[in-house]
Amino acid sequence: MSYFKKRGLARFDQQFLAGGSIGNWITLLHENGGVDIRYLARWLYISFVALISLPFQQYEKYKYDSIISRTEIKTSPIFILGHWRSGTTYVHQLMEQNQEFAVVTFLHTMIPGIYLTGKIFKSLLRASLPEKRPMDNVKINIDSAEEEEYALGNLSPYSFYHALSFPQADAAYFRPLRDV
């Protein structure tokens, strides 16, 4: 077993920021004053994965941005809003059962910058997934419906999940919206 795997560092469910953009990662490091030396291995892992995914992100941007911007949305989307632990995962999974709905999968939440071309990473990510989510024991697989919060955290500095990576700044991530 590798050094990273033994310590949970090579698992995307433990290091969700590894699938994000290098720009977002640098912003988070800057805004949060870097990382403590004891988390250097995590920093290296996230930085490495973000850097090697950069060419794939750029390719997807080049190939699909203009197509996506011209796409007409013909039916109104459904947004699932709820407080954590209130059953939103269950609602996502229920919607997944109906072929009329499209859902964001675990694969897409973990590597949102390569949403359309990320299938090449599917087997790698599948091998790194646990059987259940660590926070609530819900079964997961690479194609299961997943909430968008990981993707938001990978794409922007505005996610309460960043408090997990930067606990010294947790008050800033949990401040009321009126203060933003």
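Report the residue count in segment 104-125 for those that are part of a helix (DSSP H, G or I) and of a type in the set (Ser, Thr, Tyr).
Residues flagged as part of a helix (DSSP H, G or I) and of a type in the set (Ser, Thr, Tyr) within segment 104-125 amount to 2.
Counting only residues that are part of a helix (DSSP H, G or I) and of a type in the set (Asp, Glu), which one in segment 44-93 is farthest from the chain's Cα centre (by Cα)?
Just the residues of segment 44-93 that are part of a helix (DSSP H, G or I), to begin with: 44-69, 88-93.
Filter once more, so that each one left must be of a type in the set (Asp, Glu): 60, 65.
Values: Glu60: 17, Asp65: 20 Å.
Residue satisfying both the conditions and the ranking: Asp65.
Scan segment 126-141 and tell me whether some residue there is assigned to a helix (DSSP H, G or I), surrounded by fewer than 16 Cβ atoms within 10 Å (Cβ to Cβ) and touching a residue at least 12 places away in the same chain (Cβ under 8 Å).
yes
Residues Arg70, Arg85: which one is of a type in the set (Lys, Arg), closer than 30 Å to Trp25 by Cα, free of Cβ contacts under 8 Å to residues at least 40 places away in the same chain and out of contact with any Lys or Arg (no Cβ under 9 Å at 6 or more places or on another chain)?
Unique residue meeting the criteria: Arg70.
Among the residues of segment 148-160, which ones are of a type in the set (Ser, Thr, Tyr) and either without any contact (Cβ under 8 Å) to a residue 24 or more places away in the chain or closer than 18 Å to His30 by Cβ (or both)?
Ser156, Tyr158, Ser159
May I ask you to list the residues in segment 95-114 that are out of contact with any strand residue (DSSP E or B) (no Cβ under 6 Å at 6 or more places or on another chain), under 30 Å from Leu54 (Cβ atoms) and touching a residue at least 12 places away in the same chain (Cβ under 8 Å)?
Val104, Thr105, Phe106, Leu107, His108, Thr109, Met110, Ile111, Pro112, Gly113, Ile114
No value in this document is a laboratory result; all are computed from the given coordinates. Please read these numbers as outputs of a predicted model, since none were measured by experiment. Here Cβ is always computed from backbone atoms with ideal geometry, including for glycine, and neighbour counts include all displayed protein chains.
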